[in-house]
1. Considering only the stretch A:413-439, state which residues are facing chain B (nearest Cβ under 7 Å) and among the charged types (D, E, K, R).
2. Can A:ARG129 be described as crowded, with 24+ Cβ neighbours inside 10 Å, in contact with a strand residue (DSSP E or B) (Cβ under 8 Å, 6 or more places away or on another chain) and either more than 25 Å from A:HIS542 (Cα to Cα) or not aliphatic (A, V, I, L, M) (or both)?
3. Against the conditions (1) in contact with a Pro (Cβ under 7 Å, 6 or more places away or on another chain); (2) within 14 Å of chain B (Cβ to nearest Cβ); (3) within 24 Å of A:LEU12 (Cα to Cα), where does A:GLN311 fall short? Just the number, please.
4. Between a first residue in the stretch A:173-188 that is within 30 Å of A:LYS257 (Cβ to Cβ) and a second residue that is among the acidic types (Asp, Glu), which pairs have beta carbons less than 9 Å apart while being 6 or more apart in sequence or on different chains?
5. For the structure I just gave you, tell me whether A:ALA595 is among the small types (Gly, Ala, Ser), outside any helix (DSSP H, G or I) and in contact (Cβ under 8 Å) with a residue 40 or more places away in the chain.
6. Of the residues in the stretch B:144-174, how many are of a type in the set (Val, Ile, Thr) and touching a helix residue (DSSP H, G or I) at 6+ places or on another chain (Cβ under 7 Å)?
7. Scan the stretch A:193-251 residue by residue and report those that are in a strand (DSSP E or B), modelled with pLDDT of 80 or more and surrounded by fewer than 24 Cβ atoms within 10 Å (Cβ to Cβ).
8. Farther than 22 Å from A:VAL575 by Cβ and out of contact with any Leu (no Cβ under 8 Å at 6 or more places or on another chain): which single residue out of A:PHE507, A:PHE532 fits that description?
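The values are calculated or read from the model by the stated rules, or taken from the named source; none is laboratory data. What you see is a predicted model, and the numbers here were worked out from it, not measured in a lab. Positions of Cβ are generated from backbone atoms using ideal geometry, with glycine treated the same way; all protein chains shown enter the neighbour counts.
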Amino acid sequence: MTTTQEPVHRLLGMTDDEYQSVIRILGRDPRPAELAMYSVMWSEHCSYKSSRAHLGRFPTEAPWVVVGPGENAGVVDIGDGWLAALRIESHNHPSFVEPYQGAATGVGGILRDVFTMGARPIALWDQIRFGPLTEPMNRYLFKGVVSGIAGYGNAVGVPTVGGEVEFDDCYSGNPLVNVMCLGILQREQLVLGTAGVPGSIAVLLGKATGRDGIGGASVLASSSFDDESQSKRPSVQVGDPFEEKKLIEACLELYKKGLVVGVQDLGAAGLSCAISEPAGRAGVGMDVDLDAVHTRESGMTAPELLMSESQERMMAFVDPTQVDEVLAVADKWEIDSAVVGEVKKGGTLSIKHNGETVAELPAASLADDAPLYDREAVRPEWIDSLWQTESKIEITNEATTLLELLADPAIGSSAWIHEQYDHMLFLNTVVGPGSDASLLRIKGTEKGLAVSTDGNGRLCYLNPRHGSQRLVYEAALNVAITGARPLAIVDNLNFGNPENPEVMWQFKETVDGISEAAEALDIPVVGGNVSFYNETEGLDIHPTPVVGLLGLADPMPKSPPRLNRAGAGMEIWEVGPAASSSQAGSALQRVIGNALSGRPTEPNPETARKVIELALDMAHNVPVLHDISDGGAAVAIAEICIASGVGADVVLNNPFSEDPHRFLAVFAPGKFDLSGDLARRLGTVGGDHLIINRKSIDLSEVLSTWRDAIPEALTG
Amino acid sequence: MKTAVIVFPGVNCEHDVVHAIEALGGEADLVWHRETDLSDFDGVILPGGFAHGDALRTGAIARFAPAMDEVIRLAGESRPILGICNGWQMLCESRLLPGAHIANRDMSFICKFVDVEVMDTNSVLTRSAEVGQRLRIPLNSYQGNWVDPTHSGRIVLRYINDPNGSQRQAAAVTNAEGNVVGVMPHPERGTDELLGSIDGNILLESFLHSLVPA
């Protein structure tokens, strides 16, 4: 494995101090297979060694939380015997090295996290971020990632019902590819990642193990990029959605028949993780025979078998009397299976290869004894100067400015992306892509589940604390707009190099911000993911937390608000505090001024609660509700007009303001009472022109500008 | 009267089809592709998805499943056979319908509502509809571009705006007898107002009305 004089542990991404810890735990020098296991399990990606000290601040408890952080996915009670499982993950680094497979295997991985819990995955959301599409490399990455998500998600048979896209210079050379998955299950089908009691048998299910993705977690996702990065291509995993589809169906049949004690998927750190974590959780040990592992190439060494991140594999822990039944189910679904181990008393993992012991170590030490760093955090001085010098865009013609915003690929129609994704499978998609939140019905019940995923690297760059609070408030308002009450959060924290004290400060502020807003709204955080080292050639990305928020509508509104339900004669209202003139961090600054400066408007927990309650009330009575976010009220009104095919005439103070806690409501005069100072009438729906402050645009021009935004940008 | 919905590894619309059939008062059972006897069933639906991961060609491996021998036998007995999306591709591979499918003209997957026009009501998919009737149902495919060098397929649904390059804008094609139909858009996805359309109901009702006791 060595190609230079560098010690092996450093090549595996391990520091000298960490190597000394391994020697202390074992009381001797590690064997090669043992060193391989510690290196992947103690990688940043698997051990959260730079973030763990802070993640404990998240509020994680509520009466409806069934499984909180620490398992493969969070699980919440949605009533009447139903549970929902949710999880979010990043696949940033692999997607830069190989966009199609990087994005595809990101989808595969998040699905396994969810069906590991006993749930059928019912929907996916992708949050993707790239450098500007004016650069050929960014167009290549963007197209590759979208094809990868489509290629895997469509074929595996789970609809992609929403997501978000953002373009900014800071993601050139470091795209972000996050993916969230939601599953549902009946309470009695819940399965945990435990190895069970001594005597249980470990059955490895799914695709044969190969040399792909070796060290994917430790080599790729736990260090920064430089000129050598393309040589890491062999560390990217390769996906096979057909194998995953069969694996999903086989596992669901195993759960239904009650044939498993516990299940763990093989993702980052592969077999090393899938044997040590369940054993550690159950306080047991295990004998594992690597010769039994089915492989697709011969001559794989023990470290390779233990580190491989070959996709579409699951480890099931089974009662010894039920092994034959488990193998029969695997056989029916035409997936490979192998009995690879047996659970033992005590806490020792004993691993054999070619008849010889290649590893003998305390199972729990791989997780529990992982290094923990409280890294230095320093508030950057440049924040103050950015706050003091807000770059202001002068608006002379609202109509022209609106068209410039609508032509931006992050604001214009997402159809080029979402029409490549099956977003209708399972007949649940009541409100789909291109809306504030997706709304899925649960057939056979009155319930609907809403999900909104929100990130805003620019706001968080200017103020990570308030920026991340605003993400929580916005996501909560988005689900409320569909009639769903916020229930649980998962977060994906995408950051630069944690060894940079300014990045660490951004990270700590973000954890505090999300925690404060989640506490203010009484929403538990049930899981998350941290992606550090999003840095290329020393340039860190903006701090980019992504919040995925699940809401429950019970009952779901009979006709939920939709953007396309506005009709001539209806009134347009703005609900929430009146917009200020701040442009800090706005789309206006980015698109028109290519600037990022100023101090964004502070969110307010009390206002957040009020507008959420109001939205929940209105969702059952009002045809159109729409969050005001990128591009302000002007863009939000344009989106309603486009979807409904009708014009509007409105008067807007600060039409492009993105101040928080605001949404639009459209309804027939007198249909809803919005008196008070938390709402104001903006104008009326009608005609075939969009008129803002007496500046008029033909609706067909609004539509074509918005519709062609991404296709135009892709022509270069 | 009972419809068999055949499940191949990799298909994914089987539950949606059963749901839509049952919502219309019909009866449908999921049948594994290794089944060798379909004589209890009055008709067959091959649902959409990615059978065998689209390996080789779409539908190319599914065609050799034991259940397909039965489908071919039932087709010969004039029983209603409907292939949706991937199911149509299987019917072409089985030579029950002419032609084959290639990648969409723009080389990308398309998932969206499309408008189709009923061209011919002499088929188990369209017998309850009227010629000229326009329906809005979702398309969801990468290889929906039908080519038929024999020009023998009878088109029963036509796209109003050509989305994928399909020959003669064909969205659904039947055999001479009208009992075997392949359709690219998904009728089962157009069966609920809450999801945007109920135009698929008339197509599935046509199929259910075509069933006669075995």
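1. If the condition is that a residue be facing chain B (nearest Cβ under 7 Å) and among the charged types (D, E, K, R), then A:GLU419, A:ASP422 are the ones that fit.
2. It is true that A:ARG129 is crowded, with 24+ Cβ neighbours inside 10 Å, in contact with a strand residue (DSSP E or B) (Cβ under 8 Å, 6 or more places away or on another chain) and either more than 25 Å from A:HIS542 (Cα to Cα) or not aliphatic (A, V, I, L, M) (or both).
3. (1)
4. A:VAL179/A:GLU89; A:VAL179/A:ASP126; A:MET180/A:GLU89; A:MET180/A:ASP126; A:CYS181/A:GLU89; A:CYS181/A:ASP113; A:ARG187/A:ASP77
5. Yes, satisfied.
6. Within the stretch B:144-174, residues that are of a type in the set (Val, Ile, Thr) and touching a helix residue (DSSP H, G or I) at 6+ places or on another chain (Cβ under 7 Å) number 2.
7. The one that is in a strand (DSSP E or B), modelled with pLDDT of 80 or more and surrounded by fewer than 24 Cβ atoms within 10 Å (Cβ to Cβ): A:ILE201.
8. None of the other options fit; the residue is A:PHE532.
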